[in-house]
1. Whether any residue in the range 117-125 is farther than 27 Å from L6 by Cα and of a type in the set (D, E) is what I want to check.
2. Just the residues that are surrounded by 16 or more Cβ atoms within 10 Å (Cβ to Cβ), farther than 15 Å from V39 by Cα and in contact with a helix residue (DSSP H, G or I) (Cβ under 7 Å, 6 or more places away or on another chain), please, taken from the range 65-101.
3. Please go through the range 5-18 and give me each residue that is within 11 Å of F108 (Cβ to Cβ) and surrounded by fewer than 12 Cβ atoms within 10 Å (Cβ to Cβ), ordered by number.
4. Please return the ranges of helices (runs of 4 or more DSSP H) entirely within the range 1-114 where 1 or more residues are among the polar types (S, T, N, Q).
5. Quick one: T28 ticks every box in (1) surrounded by 14 or more Cβ atoms within 10 Å (Cβ to Cβ); (2) closer than 30 Å to P85 by Cβ; (3) out of contact with any Pro (no Cβ under 9 Å at 6 or more places or on another chain) except a single one, so which number is it?
6. Among the residues of the range 31-45, is any surrounded by 13 or more Cβ atoms within 10 Å (Cβ to Cβ), in contact with a Lys or Arg (Cβ under 8 Å, 6 or more places away or on another chain) and within 30 Å of M1 (Cβ to Cβ)?
7. Is there a residue being at pLDDT below 90, surrounded by fewer than 16 Cβ atoms within 10 Å (Cβ to Cβ) and of a type in the set (A, V, I, L, M, F, W, C) anywhere in the range 46-56?
Amino acid sequence: MIGLLLLNVFAFQLGLFSVIDPNSPTATFFAALALAIPVSAQISEVLITGLDHEFRQEYAVVAYARGLGRTRLFFAHLLKPASLPVVTVIALTVGELLGGALITEAVFGRVGIGSVVQSAVASQDLPVLQAVVALAAVVFVAVNLVADLVYPVLDPRVTLLAPSARPLPVTRDDPSSSALEPAHEEKVSVS
């Protein structure tokens, strides 16, 4: 719907790009805009909620009370920690964008992965479909890995632990936990 609306307004009524040449930079911009608009509302909502949460934290209240301006407080202190959930949402919407590419490519007359999938389904070409699904899975995992690596850059309180550095939970019933308990117990008397 959004792609058709953008095509009608900007290609047919305003003449900003030609539908005959779908590979022009302007047509590419509007195709990307048609993909970005549906997910932008969700991303904006998460960012606004994160900024509101961070603005209510004690460090932000104190900084604002001491005279730090809203703009400087926003860029210097609030934006990075509020961006953590946004990075997560962006990484998770990659799958939605890959799925929406088929419709957007059809509307804007572009040739891409969506049209390859469409022709592979029509001709029942299983190896091509498997390759596209594998490529989508690799892209999804890679984007989520990059998102996980960006977390410590945005917020230094987030640390990456190696698997061997994680403490293992110890229960009282575990026989190996006796080595962790003190050999003798001191009794403290309170008088």
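1. Yes, the range 117-125 contains a residue that is farther than 27 Å from L6 by Cα and of a type in the set (D, E).
2. Matches in the range 65-101: L73, H77, L78, P81, A82, S83, L84.
3. Within the range 5-18, no residue meets the criteria.
4. Details: elements: 2-6, 25-55, 58-65, 70-73, 79-92, 94-108.
Filter on the range 1-114 gives 25-55, 70-73, 79-92, 94-108.
5. Against the list (1) surrounded by 14 or more Cβ atoms within 10 Å (Cβ to Cβ); (2) closer than 30 Å to P85 by Cβ; (3) out of contact with any Pro (no Cβ under 9 Å at 6 or more places or on another chain), T28 comes up short only on (3).
6. Yes, the range 31-45 contains a residue that is surrounded by 13 or more Cβ atoms within 10 Å (Cβ to Cβ), in contact with a Lys or Arg (Cβ under 8 Å, 6 or more places away or on another chain) and within 30 Å of M1 (Cβ to Cβ).
7. Checked against the condition, which is being at pLDDT below 90, surrounded by fewer than 16 Cβ atoms within 10 Å (Cβ to Cβ) and of a type in the set (A, V, I, L, M, F, W, C), the range 46-56 yields no hits at all.
The values are calculated or read from the model by the stated rules, or taken from the named source; none is laboratory data. For clarity, every value in this text was computed on a predicted model and none was experimentally measured. Cβ sites come from the backbone with ideal geometry, for glycine too, and all protein chains shown count toward neighbours.
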